[in-house]
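Asker: Quick one: the structure is below, questions incoming.
The values are calculated or read from the model by the stated rules, or taken from the named source; none is laboratory data. Given the structure is predicted, the values throughout are model-derived calculations rather than measurements. All Cβ positions, glycine included, derive from the backbone under ideal geometry; neighbour counts span all protein chains shown. Accessible surface is based on the protein model in full, side chains and every heavy atom, while ligands, DNA and RNA are left aside. Shrake-Rupley method; radii C 1.70, N 1.55, O 1.52, S 1.80 Å.
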Amino acid sequence: MTIHNICSYGAIGNGTIVTKAIQAAIDACVPGDAVFIPKGEYMSGALFLKSDMELILEKGSFLIGSEDIADYPIYNYRFEGRQEDCYASLINGQGDNITIRGEGTINASGTALFRKEMREGKASRGRVIMLEKGKNIRIEGVTLRHAPGWCLQVVYAENVTIENVKIHTKFNEKGVHYPDIYNGDGIDIDSTSHVVIRNCTIESGDDCIAIKSGRDAEGRKINIPTKDVLIENCFFKSGFGVAIGSEMSGGVDGVLVRNCVFRNTFSIGTVKAPRPRGNAIRNIHFENCVHENHVLDFVSCKWFKGAINIDQSYGYDVFDPAEEMPVSEDTPLIENITFKNCSLSTMAGEAIYLCGLPEMPLRNIHLENIKASGKRGLFAHNVDGLTIKNLSLSSTETPAIRMTNVKNLK
């Protein structure tokens, strides 16, 4: 393996633009080579990795995104469930056997780019890292900061490991809120299979981890599911915990979240599949997790409703999309969802919110060994198969439990 030090290609670590030097080091790689970023501050526009290479960031290195929108050409990527024109991310990659590792920091200068990208309006916002259409992807040890949109997105991929990564999309190093940025997800796993996310810390302004697979008719046509995802031993410091959906039209099957801590996140877990997504989310398990939310940055609304939040009325102003519709390819299904050995405490909204569609109730929801407290307690509506074992529930509003159209309650 040859290690290509970017300084050998003309990069200078004093904050000047060195896009051409870093890209030259990347382009010089043959299979098995690595690009090395040493200590220093290196400012760059969009970079493009390729198959069979590593990007290594030394401790004390900072790869900083250029604030010039011209440094980010427009490409067709998936964003929010649809293929559309997007400004390139700071790091882009397509292919197999790509690794990004080290103890350095990648900061995408999100506020400046967000403002310019939104003002120009030619495409959707870029990310810090965007990797697609590859197998055997590994991201380890790095710190990711300040995305103009989502932070780390992996789409149409297989065999992905994200380990010991720190993600900050809400606050800067001094604890100051990044201005303007909205929808700043931490990690988005999109139409991707066999994923491990382990020992990560995520401080997000939106979903900490989002599991997706496309949106509506386009997502069903592409029809690439997300499946076999393990999320363990992670620490979530703000945002909305782990969310499955709402863009899930390729299907989601098999997500295990275990041994995680959620502090001042609105929710521990959200499973959301409104009309007209179609397809199904199934076999989702949360185990041995702790949640405490003591802030009121967000309150219950059509987007966020409970600490445990299984919702097919997502995006509606009222809890139920009211009128029963004929079952069709637009009708989504949520089934086989388990929360076990979890404690959760929230000041905002329901402790547990379960809402299915009138034509397609939630199926087989299992709550076991749950200690839950909230402004309100347990709300369940349009559920077929609700198993409750050893639920300790408290709420500041009464009644603590409200159920309508719940069948097969055990």
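Asker: Among Thr99, Thr404, what's the order by accessible area (1.4 angstrom probe), most exposed first?
Answerer: Thr404, Thr99
Asker: Filter the GluC sites (Glu not before Pro) in the range 335-410 to those in DSSP coil with at most 16 other Cβ atoms within 10 Å of their Cβ, and list the result. Don't skip to the end; give the middle numbers.
Answerer: On the way: sites: Glu335, Glu350, Glu359, Glu368, Glu397; in loops: Glu359, Glu397.
Those satisfying the criteria are Glu359, Glu397.
Asker: For the peptides 113-122, 276-285, what is the packing order when you average, over each peptide's residues, the other Cβ atoms within 10 Å and list the highest mean first?
Answerer: Result, highest mean first: 276-285, 113-122.
Asker: Right, something else. Which far-off residues, 5 or more places away or on another chain, put their amide H under 5 Å from the one on Val196, with H placed in the peptide plane?
Answerer: Placed amide hydrogens put Val160, Thr161, Ile162, Leu230 under 5 Å from Val196.
Asker: What translational diffusion coefficient, in µm²/s and rounded to a whole number, does the Stokes-Einstein relation yield for the range 162-312 at 10 °C and a viscosity of 1.306 mPa s, taking the hydrodynamic radius as the Kirkwood radius over Cα pairs?
Answerer: Taking Rh from Cα pairs, D becomes 103 µm²/s.
Asker: Which entries of Lys174/Lys305; Lys166/Lys375; Lys305/Lys340; Lys166/Lys389; Lys340/Lys375; Lys133/Lys237 show an alpha-carbon separation above 25 angstrom in the structure shown?
Answerer: In this structure, Lys174/Lys305; Lys166/Lys375; Lys166/Lys389; Lys133/Lys237 exceed 25 Å between Cα atoms.
Asker: Per residue, how much accessible surface does the chain expose to a 1.4 Å probe? Answer in Å², no decimals.
Answerer: Normalised by residue count, the accessible surface of the chain is 38 Å².
Asker: Tell me, in nm to one decimal, what length is gained between Asp33 and Glu323 on full extension, where the rule is 0.36 nm per residue of separation less the Cα-Cα distance?
Answerer: Result: 98.6 nm gained on full extension.
Asker: Among DSSP bridges having both ends in the chain, what percentage is antiparallel? Round to the nearest 5.
Answerer: In the chain, approximately 5 percent of DSSP beta bridges are antiparallel ones.
Asker: Sort out for me the Cα centre separation of the range 1-47 from the range 145-215, rounded to whole Å.
Answerer: 24 Å
Asker: Can you tell me the length gained on complete extension of the stretch Asp68 to Arg263, counting 0.36 nm per residue apart and subtracting the Cα distance?
Answerer: Working: separation 195, 0.36 × 195 = 70.20 nm, distance 3.55 nm.
Length gained, Asp68 through Arg263: 66.6 nm.
Asker: Treat every Asp and Glu Cβ in the chain as -1 and every Lys and Arg Cβ as +1, leave all other atoms uncharged, and give the resulting dipole magnitude about the Cα centre to the nearest 20 debye.
Answerer: 700 debye
Asker: May I pose another question? With θ set to phi - 60° and the Karplus curve 6.51 cos²θ - 1.76 cosθ + 1.60, what are the ³J(HN,Hα) couplings of the range 105-120 in order, to the nearest whole Hz, using x for Gly and Pro?
Answerer: 10, 10, 10, 8, 6, x, 4, 4, 5, 3, 4, 6, 5, 5, 5, 5
Asker: Next up: Per 10 Å bin, what percent of the C-alpha pairs of the chain does each bin hold, from zero upward?
Answerer: 5, 24, 32, 23, 11, 4, 1
Asker: Further question: What part of the accessible area of the chain, given as a whole %, is carbon or sulfur when the probe is 1.4 angstrom?
Answerer: Accessible surface attributable to carbon and sulfur in the chain totals 49 percent.
Asker: Related question: Run lengths n ≥ 4 of DSSP H only: what is the helix-derived mean residue ellipticity at 222 nm for the chain, with -39500 (n - 2.57) per run over all residues, to the nearest 500?
Answerer: Computed ellipticity for the chain at 222 nm equals -2000 deg cm²/dmol.
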